[in-house]
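J.: Okay, handing you the structure first.
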Amino acid sequence: MMLLATRDQPTLEDFGSDVWWIVLIKIVGIFAVLVFMTLFAIVFERKVVARMQQRIGPNRVGPRGYLQSLADGLKLAFKEDIMPALADKPVYFLAPVIATIPAFLAFSVIPLGPSVSIFGQVTPLQLTDAPIGVLIVLACSAMGVYGIVLAGWASGSTYPLLGGLRSAAQMVSYEIAMGLSIVAVFLYAGSMSTSEIVAGQADGNQLSFFGWEFTGPSWNAILLPVSFIIYVIAVVGETNRAPFDLPEAESELVGGFHTEYSSLKFALFFLAEYVNMVTVSALAATLFLGGWRAPWPISIWDGANTGWWPLLWFFLKVVIALFVFIWLRGTLPRLRYDQFMRFGWKVLVPTALLWILVVATMRTVSREADLSTGEVALYVGVPAAIVVLAGLLLASRSANRDTRLMAEQASAGEIHATDPEPDVLPPAGPRRRATGAPKRAEGGFPVPPMDLRVPPSPRIRRQPVASDGATVVSTGRRGSTTMKEDGDV
């Protein structure tokens, strides 16, 4: 196999003319890369979190435990597949598929490198591209919400339904902030094509500051820092990762929307989550970190951005972005749901809209008034920054007004810590089946329905029967006696 590199920068005209076997190689290659990156990300996460917590981590399967994620995948494949009796079977089966397929499709427009020659055929290291390539990624991420909502609804259980609704609200909310964060990138690049956005970050940005000409950085993460910060925060919430993993808050919703899933169906949800992490990391590298182009000072080398070397720079950026995901999980506590949604709608979305207005104003003033970059920053950027900081200060004081007044009253002795707190819990509700045992709702905590039924395991020879005649799933012990329900005598 002879692979010869070329120096061509891919453009939109280079796509759509590949022979069928080149397209097939690209499809299989992208699928293999995403599966490998998922296995790598699982081991990488466990190793990094173990290092942060000063423990060993996986070290048994394979050399230094690097095959642990492969063993986990095989374990999931051989687990027993249980379907709840009240589940909507077709939707229950299709939900993990709907969640996984868009995660793979989104990677089809990510540029991995320049044009290369494979068996004499010159082709870009990218499956396809379009004038609205970035919108394809957003559309695929939006389709993944359907799989999560349908999984929670089709399980026929309360906790998965609550987890699915919560996850849908979270993903939609933060997807809006993520979409608004990249509008400024479109304004600078003048295109929504991923390959052209990478090309726009190729050379240094020529800047003039009151007559002083110099070459500045070209990465959008430096030129548009607010967009980059909003994007980083939004994708953490959009992928349901800690500290924004509210749909999977074990103390509230058990496992979230996939509580009733097991075996390969659960593995598909697991795969979709990590593939989404890789996809948003690759999109961050494409939009803000120069794509597959080498960072400085490696870019000084003439051959750094030719051949197959750009694959190395691209995946190094993706791994660094994955490390940020893991770093946040290992350091930050989980937020409350109301704080999380308030932050998304009242902070990220307004900030992104205001930033779009500032960037559009600066671009228009620079073009129409023929001003230098320094003059635009002085006359537009500085006043806008002052207005934004003043607005944030006033909003912070207004939001913390009640807390500040209570603190002042407490310091003056008007509020005593020994005062009894009001009773805000609902009254204790009755059990569904009276067995004479203490009520499960003792203390006023709401209790979900207890009538969820799952089919018994076919491996159990003798099926235990409860006192009311309903089939009860035992713990898996063969030949066990009839099980008694909680509270039966």
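Only the coordinates and a few stated rules stand behind these numbers; no lab work does. This is a predicted model, so every value here is computed, not measured. Neighbour counts are summed over all protein chains in view; Cβ atoms, including those assigned to glycine, are modelled from backbone coordinates with ideal geometry.
J.: Taking the Cβ-Cβ separation of Trp308 and Asp370 as r and a Förster radius of 41 Å, what is the calculated FRET efficiency to the nearest 0.05?
T.: My answer for the efficiency is 0.40.
J.: How many nm is it between the label spots at Thr361 and Val33, if each spot is 7 Å from the Cα in line with the beta carbon?
T.: Distance between label points: 4.0 nm.
J.: Here is a further query. Mind checking the full-extension length gain between Leu316 and Val91? Use 0.36 nm per residue of separation minus the Cα-Cα distance, one decimal, nm.
T.: Full extension of this stretch gives 77.1 nm more.
J.: What shape does the range 224-316 have by the C-alpha gyration tensor, where a ≥ b ≥ c are the square roots of the eigenvalues, rounded means a/c under 1.5, and otherwise prolate means a/b greater than b/c and oblate the rest?
T.: In terms of gyration-tensor shape, oblate.
J.: Let me see the pair-distance distribution of the range 308-348: every alpha carbon pair, 10 Å bin width, integer percents in order.
T.: 24, 28, 29, 15, 4
J.: State the extension gain, in nm to one decimal, for the chain segment bounded by Thr11 and Leu353, taking 0.36 nm per residue of separation less the distance between their alpha-carbons.
T.: Extra length from Thr11 to Leu353 when fully extended: 120.1 nm.
J.: Where does the range 31-109 land on Rg(C-alpha)/(2.2 N^0.38 Å)?
T.: After normalising by residue count via 2.2 N^0.38 Å, the value is 1.42.
J.: For the range 94-148 and the range 259-296, what is the separation of their C-alpha centers, rounded to whole Å?
T.: 11 Å
J.: For the pair Ala142/Ser262, report the inter-label distance in nm, with labels modelled 7 Å from Cα in the Cβ direction.
T.: 3.7 nm
J.: Starting at the first residue of the range 261-266, write each ³J(HN,Hα) from the Karplus equation 6.51 cos²θ - 1.76 cosθ + 1.60 with θ = phi - 60°, in whole Hz, x for Gly and Pro.
T.: 9, 8, 6, 5, 5, 5
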